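Data first, discussion second: the structure below is written as structure tokens.
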Amino acid sequence: RDLEWADMAFVSAMSVQRTATEAVIQRCKKHGLPVVAGGPMFTEEHEYFPEVDHFILNEAEITLPPFLKDLANGTPQRVYKSNEFAELSTSPVPMWELLDHKKYDCLSIQFTRGCPFDCDFCNITALLGRRVRTKTKEQIIAELDKMVEIGWTRNIFFVDDNFIGNKKILKQEILPAIIEWRKGKSIGGFITEASINLADDEDLMNQMVTAGFSSVFIGIETPEQICLEECSKGQNQNRNLLESVKILQRKGLEVMGGFIVGFDNDTESIFQKQVDFIQQSGIITAMVGLLQALPGTKLYKRMEDENRISAITSGDNVNGDTNIVPVMEMSELQQGYRQLLSNIYDPKPFYERVKVFLTDFKIHHISERRLQWAEIEAFFKSIIRLGIFGQEWRYYWDLIFWTIKHFPEKFALAIRCTIYGYHFRRVMEEHVIVA
């Protein structure tokens, strides 16, 4: 029914969605629909998709209009691409009213594109450049207003690859406007991604917390200085990474951490060092993956020059595999990786880490303290699944009573953490450890 009424199908994807995207394309072609594809995966790898009829590559603000013009004239070309970058000041407000928002945990908004840093494994600068382009404060407020208009009250994700890439505009215009906008509104917390140097700017952290930000994804990658140098992660070098995480969490910004193993300079000791860092930091959401080389990156070029590209990247750096030939023996790397995940997501160490997080984290927003209906429902499910039938039941109840005694205002956070832990452990067991 979804395909019968359509003239053509538009598909956008990142590399991690390759398998599902291929299935969608085949399904559309089976029903005789032309397929138009764009987004990061196709921009870098469109030659691997011969069945796609038209490619809208790079940024669609630039490449989509000529395709639509040609389509109207009956002369659409197969590939539309550009070396230019779009100015975000003309981006329209998304039509959120078309969405059944009750099926979503958070909605998304974008303030910037591009990143001032140039880590060799990251394809952000290859796709979007190093000049950080921004929307205006009027655009941001208009998008937030639209979300409230459709009845949205839960979390909002600022999906910038580096939210603090343009600190001047952020501090002088965007955050003050959001702080003013938020007054009197019942809305969830804001989530975003940023570089670790956020911890160096106390004024910026204070502004973000006041504006309603409660979580931030940080690419920590590795505690090994030599590996940070290897991947050109300059913003993480020559600093106490553990203390930077603590600073952020004590300010009220929960750190979701990205970690990588499989650098050329990694030794067998890296797995325990990663475990120790994650446990001591109290990072609940620790996304640990094997190093992969994405097309368009400096890492990919280097691996290609060294004849070390072994496969097309899956884009999934947490599936226990890699598309490069590592310096470390592959079997040793994969075994160490699996053991690392077991050491951080088995019930005992995970619940110990939750206590570290709850002790450090400073609550600011009422949305973090209250249990909405979805959380209340999840709480009762967690009692049954984790507190009665779960392998972690003793740790579950220990955390519940410990939280009530020491940090009763963080009870909702504690429940959320137990559910996260269950989810992460399921993913680990089904997709990594078994493999």
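The values are calculated or read from the model by the stated rules, or taken from the named source; none is laboratory data. What you are looking at is a predicted structure, and each value in this text was computed from that prediction instead of being measured. Cβ sites come from the backbone with ideal geometry, for glycine too, and all protein chains shown count toward neighbours. In case anyone asks, the SASA skips ligands and DNA or RNA and just uses the protein heavy atoms, side chains included. Shrake-Rupley method; radii C 1.70, N 1.55, O 1.52, S 1.80 Å.
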Taking 0.36 nm per residue of separation between Asn238 and Lys171 and subtracting their Cα-Cα distance, the length gained on full extension comes to 21.6 nm
When the charge dipole of the chain is computed with +1 on Lys and Arg Cβ and -1 on Asp and Glu Cβ about the Cα centre, the Cα farthest towards its positive end, among Gln110, Ile179, Val245, belongs to Ile179
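Can you give the percent of C-alpha pairs in the chain whose distance is more than 34 Å?
Here the tail beyond 34 Å accounts for 37 percent of pairs.
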So for R0 = 56 Å, FRET eff. of Arg394-Gln77 from the Cβ-Cβ r, to 0.05, ends up at 0.35
In debye to the nearest 20, the charge dipole size for the chain, taken about the Cα centre with +1 at each Lys and Arg Cβ and -1 at each Asp and Glu Cβ, equals 1420
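Averaged per residue, what accessible surface does the chain expose to a 1.4 Å probe, in Å²?
47
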For Arg250, the accessible surface traced by a 1.4 Å probe with all protein chains present amounts, in square angstrom to the nearest 10, to 120
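Suppose accessible area is computed on protein heavy atoms with a 1.4 Å probe; arrange Arg130, Arg353 from highest to lowest. Please list the in-between numbers first.
Working: Arg130 130, Arg353 0 Å².
Descending accessible area places them as Arg130, Arg353.
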Over the chain, the sum of -39500 (n - 2.57) across DSSP H runs of at least four, divided by residue number and rounded to 500 deg cm²/dmol, gives at 222 nm -12500 deg cm²/dmol
Rounded to the nearest 10 Å², the accessible area of Ile141 using a 1.4 Å probe with every protein chain kept is 40
Residues of the range 399-424 with backbone N under 20 Å of the label point set 7 Å from the Cα of Ile363 along Cα→Cβ are 399-421
The chain: relative contact order from alpha carbon pairs under 8 Å, six or more residues apart, as a whole percent, is 11
With +1 at each Lys and Arg Cβ and -1 at each Asp and Glu Cβ, the charge dipole magnitude of the range 3-135 around its Cα centre, to the nearest 20 debye, comes out at 160
Carbon/sulfur accessible area of the range 380-435, % of total, 1.4 Å probe, equals 64
Placing each pseudo-label 7 Å from Cα in the direction of the beta carbon, Ala311 and Asn265 end up separated by a distance in nanometres of 2.8
In a Gaussian network model of the chain with springs linking alpha carbons closer than 10 Å, the residue among Asp398, Asp200, Asp70 that fluctuates most is Asp70
Gyration tensor on Cα atoms of the range 36-173, a ≥ b ≥ c root eigenvalues, a/c under 1.5 rounded, else prolate if a/b beats b/c, else oblate, says oblate
Distance in nm between Val148 and Asn206 label points, each 7 Å along Cα→Cβ, equals 2.5
Taking every DSSP bridge whose two residues both lie in the chain, the antiparallel percent to the nearest 5 is 10
Subtracting the Cα-Cα distance of Lys30 and Met330 from 0.36 nm times their residue separation yields 104.1 nm
Among trypsin sites (Lys or Arg not before Pro) in the range 144-224, those in a DSSP loop whose Cβ has at most 13 other Cβ atoms within 10 Å are Lys183, Lys185
Dividing the mean separation of Cα pairs under 8 Å (6+ apart) by the residue count of the range 185-235 yields a relative contact order in percent of 43
For the Glu229, Met287 Cβ pair and Förster radius 30 Å, calculated FRET efficiency rounded to 0.05 is 0.85
